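Okay, so here's the structure we're looking at.
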Amino acid sequence: MAAFPEVQKITYEGPQSQNPLAFRWYNEQEVVEGKTMRDHFRFSVVYWHTFRGTGSDPFGAGTMLRPWDDGSNSVENAIRRVRVAFEFIEKLGAPYYAFHDRDVAPEGDSLAETNRNFDAVAKALREEQQRTGIKLLWGTANMFSHPRYLHGAATTCNADVFAFAGSQVKKCLEVTKELGGENYVFWGGREGYQNLFNTDMKRELDHLGRFMHLAVNYAKEIGFDGQFLIEPKPKEPTKHQYDSDAAACLNFLRAYGLLDHFKLNIETNHATLAGHTMMHELDYAGMQGALGSIDANTGDTLLGWDTDQFPTSFYLTAEIMLMLLKYGGLGRGGVNFDAKVRRESFEPIDLFHAHVGGMDAFAKGLKIAAAIRADGELAAFVKNRYATWDSGIGAQIESGAADFRALEAYMLKKGEASPNQSGRQEMLENLINRYL
């Protein structure tokens, strides 16, 4: 029996549509800058928020109405949830989904039982993938919810917990490969510290580096050729997480000889918590050749935590798409909606409203970004702003032909630096608004 009998497949109706269950901007076959919207975005629905979220918060119990879910941790309920998930994703028209191991299958009383549960649910996932053509964007292991991980997983002070975490990732890699997952994500929710008085930071980071190498080695052993991704987040649940932002992640990867094996999965709300914009994080990862995938959401500027709201701002999505177009797209990654409906949006239909709005916001952002790039006014301004580097002393500096003696001789002859030009920030902000 259908879980969403009142919903037909969501279709594109155009900007004039007033149908809340239709796309106004996302036309999956529309070509923008030589690629269809479907291929630009590779939209993905997350399993955890969408099919496991309850709406609970620190001040109240769950509110979500999910008639198909009996609330148990049985394998039967997990498999029933799989059927509903794929009905939803198929009707939405998203080509991908993503999961944590513990989202899709319940943990048992032992590692062996947990693995058997995972295998049983993976069989249902494989059946639904084959039925619908929906693919797995990435898998990941939840190594932050269970009490055993209270001190971390790969960075724990308890070697047995490290061993358990390795066993969990081993199994999740196997299942991700079996299901054709195109990426595998590491999010170190508890890979950090609350207090440095009880922390050997170097030892913890050394262990984290060792853990990542073990994962790389096992992926090669089983023939998993998916892309490994690290997802930055500076804090929450810990006081400080080692993967605090794009720069910290890349420094870690370089320090431990892992840069050839990993790219980054950048999330908007995590960038905010790090004190950056999403545009900054994407630009930094992109310039380093490490832009792998994105988690699409946003935070609330009035709240200081990770609210994981659906993106609706065209300004935000235009900024994101300017960066993705600048660096040639996401490759094997995608735009993954790591977002949840609000606690007050508790009916099943609200899941469709949220995802339709998010997909439309990104489609509109793509069209805005493409128009800005096609007109070239912004690019021309930036190029002109750095014109002194294209010839003369600037070109000599960039090529490595000028040392300090040459710089001194140049300035002694010239006497003073040329006048600066205005950055025209307000004019450029007005320029962007012309496209919205």
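Entry note, the chain: the mean residue ellipticity at 222 nm calculated from DSSP H runs of n ≥ 4, each adding -39500 (n - 2.57), is -14000 deg cm²/dmol after division by the residues and rounding to the nearest 500. If only the Cβ of Lys and Arg carry +1 and only the Cβ of Asp and Glu carry -1, the dipole of the chain around its Cα centre is close to 500 debye. Whole-Hz Karplus values for the stretch 50-64 come out as 6, 10, 10, x, 10, x, 6, 9, x, 10, x, 6, x, 10, 5 Hz, taken residue by residue from phi with 6.51 cos²θ - 1.76 cosθ + 1.60 and θ = phi - 60°; glycine and proline positions read x. Mean separation of Cα pairs under 8 Å and 6 or more residues apart, divided by the residue count, gives the chain a relative contact order of 15 percent. Of the listed residues Asp360, Asp57, the order by accessible area with a 1.4 Å probe, largest first, is Asp57, Asp360.
Exposure check, 1.4 Å probe, all protein chains in place: Asp39 carries approximately 80 Å² of accessible surface. Spacing of the modelled spin labels on Asp206 and Ala395, each 7 Å from Cα toward Cβ, amounts to 5.0 nm. Subtracting the Cα-Cα distance of Ser418 and Thr277 from their residue separation scaled by 0.36 nm leaves 47.6 nm.
Within the straight-line cut-off of under 28 Å between alpha carbons, the lysines reachable from Lys9 are Lys35, Lys91, Lys123, Lys135, Lys340, Lys364, Lys367, sequence neighbours fewer than 8 places apart in one chain being disregarded.
Inter-label distance, Leu436 to Ala112: 6.0 nm, where each label sits 7 Å from its Cα along the C-beta direction. Rolling a 1.4 angstrom probe over the chain with all protein chains present gives an accessible area of which 52% lies on carbon and sulfur atoms.
With a Förster radius of 30 Å applied to the C-beta separation of Gln130 and His261, the computed FRET efficiency comes to 0.50. Using C-alpha pairs under 8 Å with a sequence gap of at least 6, the mean separation divided by the residue count of the stretch 175-320 gives a relative contact order of 21 percent.
Calculated FRET efficiency, Lys239 to Asp300, Cβ-Cβ distance, R0 = 25 Å: about 0.70 to the nearest 0.05.
How many angstrom lie between the C-alpha centres of the stretch 155-182 and the stretch 1-56? So the separation of the two Cα centres works out to 32 Å. First check a/c for the stretch 167-318, with a ≥ b ≥ c the square roots of the eigenvalues of its C-alpha gyration tensor; if it is under 1.5, answer rounded, and if not, answer prolate when a/b is larger than b/c or oblate otherwise. Because a/c hits 1.5 or more and a/b fails to exceed b/c, the stretch 167-318 counts as oblate. For the stretch 151-163, 3J(HN,Hα) computed residue by residue from phi via the Karplus equation (6.51, -1.76, 1.60; θ = phi - 60°) reads 9, x, 10, 6, 10, 5, 7, 10, 4, 5, 5, 4, 5 Hz, glycine and proline entered as x. Ignoring solvent entirely, what values of log10 I(q)/I(0) come out of the Debye formula for the stretch 267-355 at 0.26 Å⁻¹ when each Cα is a single scatterer? One equal scatterer on each Cα of the stretch 267-355 leads to -1.36. Computed from the C-beta positions of Asn251 and Ile349 and an R0 of 35 Å, the FRET efficiency is 0.20 to the nearest 0.05. Using the Cβ atoms and a cut-off under 12 Å, what net charge is assigned to the surroundings of Gly358, where Lys and Arg are +1 and Asp and Glu are -1? Computed value for this residue: -2. Accessible surface comparison of Glu113, Glu344, probe 1.4 Å, protein chains only, largest first: the order is Glu344, Glu113. Amide H contacts of Ala94 (H built 1.01 Å from N, in plane; Pro and chain starts excluded): no residue 5 or more places away or on another chain comes under 5 Å.
Counting only heavy atoms of the protein chains and using a 1.4 Å probe, Phe164 has close to 50 Å² of accessible surface.
If Lys and Arg each add +1 and Asp and Glu each add -1, what is the summed charge of the other residues whose beta carbon sits under 13 Å from the beta carbon of Ala371? Here the count lands on +1. A cut-off of 5 Å between modelled amide H atoms, ignoring neighbours fewer than 5 places along the same chain, links Asp308 with Thr298.
Less than 5 angstrom separates the built amide H of Ile266 from those of Gly292, Ser293, Ile294, Asp295, all sequence-distant by 5 or more or on a different chain. Taking all protein chains as they are arranged and a probe of 1.4 Å, the heavy atoms of Trp389 leave approximately 100 Å² accessible to solvent. Net length available on complete extension from Gln425 to Thr54 is 129.2 nm, with 0.36 nm assigned per residue and the Cα-Cα distance removed.
Of Leu322, Pro95, Leu351, which is farthest on the positive side of the dipole of the chain, counting Cα position, with +1 on Lys and Arg Cβ, -1 on Asp and Glu Cβ, and the Cα centre as origin? Result: Leu322, furthest along the dipole toward the positive end.
Of Ile79, Ile10, the residue with the largest accessible area leads and the full order is Ile79, Ile10 (1.4 Å probe). Accessible surface area normalised per residue over the chain is 48 Å², counting heavy atoms of protein chains with a 1.4 Å rolling probe. Per-residue Karplus couplings for the stretch 311-317, computed as 6.51 cos²θ - 1.76 cosθ + 1.60 with θ equal to phi - 60°, are listed in order as x, 10, 7, 5, 4, 4, 5 Hz, Gly and Pro entered as x.
Ignoring aspartates and glutamates fewer than eight residues from Lys202 along the same chain, the ones with Cα atoms less than 16 angstrom from its Cα are Glu191, Asp243.
List the lysines whose Cα sits under 30 Å from the Cα of Lys413, skipping any in the same chain fewer than 8 residues away. List returned: Lys383. Using a/c under 1.5 as the rounded threshold, could you call the chain rounded, prolate or oblate? The axes a ≥ b ≥ c are square roots of the C-alpha gyration tensor eigenvalues, and prolate needs a/b larger than b/c, oblate otherwise. Oblate, because a/c is 1.5 or more while a/b does not exceed b/c. In this label model, Arg373 and Ile222 are separated by 3.6 nm, measuring between points 7 Å along each Cα→Cβ vector. Computed from point charges on the beta carbon alone (+1 for Lys and Arg, -1 for Asp and Glu), the dipole magnitude for the stretch 1-151 about its Cα centre is near 180 Debye.
The values are calculated or read from the model by the stated rules, or taken from the named source; none is laboratory data. Quantities reported herein were computed from a predicted structural model and do not represent experimental measurements. FYI the Cβ positions are ideal-geometry reconstructions off the backbone, even for glycines, and counts take in every protein chain you see. Side chains are part of the model used for accessible areas, which takes the heavy atoms of the whole protein and leaves out ligands, DNA and RNA. Shrake-Rupley method; radii C 1.70, N 1.55, O 1.52, S 1.80 Å.
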